[in-house]
1. What is the ratio of the Cα radius of gyration of the chain to 2.2 N^0.38 Å, with N the residue count, to two decimals?
2. Can you give the helix-only mean residue ellipticity at 222 nm for the chain, where every DSSP H stretch with n ≥ 4 adds -39500 (n - 2.57) and the sum goes over all residues, rounded to the nearest 500 deg cm²/dmol?
3. Full-extension gain between residue 40 and residue 1, please, as 0.36 nm times their residue separation minus the C-alpha to C-alpha distance.
4. With springs connecting C-alpha atoms under 10 Å apart, model the chain as a Gaussian network and identify which of 65, 133, 23 has the largest mean-square fluctuation.
5. When the gyration tensor of the range 47-117 is built from Cα positions, what are the square roots of 5 times its three eigenvalues, in whole Å, from largest to smallest?
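What follows is calculated from the coordinates using simple rules that are stated; it is not laboratory data. This is a predicted model, so every value here is computed, not measured.
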Amino acid sequence: FVWVKAWRWRIIVCEQGYTPPSLHYLAALYAIGLYAGGITPGQSGDFIKAWYLRERGVPLGPGLLSILLDRLFDFVIWAVMAVLSLAAFIDVFPAETRGIVQLATIGFAAALLIATPGLMARAPREWALGLALPLLRGKLRAALERLRDQFAPLSLRFTPLLLLLLSTIGS
């Protein structure tokens, strides 16, 4: 499990144009992230991996983006599983709520399937940040603007996307 996820994360870091640490080191970081995520609210400790990755030559912004993309691939598989489960078990829900349950599940899955490639491609990511940044104030806006500068050159190609999805299914 950890090795497959570390391999997937390695593909993401490579696609960002950085030389990732060894698979062994990434697996250790993944284990650290799982532990830190388990003891922090909202699994936010998982992002500690970016600080360790920074020590190995990957800037913080791309490191955080690699973790976000890694998480999104997990969510994509969960979304597909949710839609399939909904199709199999729709009769469990009361008749009057089935429509809303179907709409919510399919809407969530569609949002993830759109958001994941959208974050990997530069133009949609810039468009979304262009909408969000004017709404934010203070330190959060400044932090996102700094990260936006680091994210600017990043985008993943289609072939690694397929590898990432296949590795997600395998884990």
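1. Numbers: Rg = 17.6 Å, N = 171, 2.2 N^0.38 = 15.5 Å.
My calculation over the Cα atoms of the chain gives 1.13.
2. On the way: 8 runs with 129 residues, N = 171.
Counting only the DSSP helices, I get -25000 deg cm²/dmol.
3. Values: separation 39, 0.36 × 39 = 14.04 nm, distance 2.12 nm.
In short, 11.9 nm is gained.
4. 133
5. Working: eigenvalues 263, 20, 14 Å².
Value: 36, 10, 8 Å, ordered largest first.
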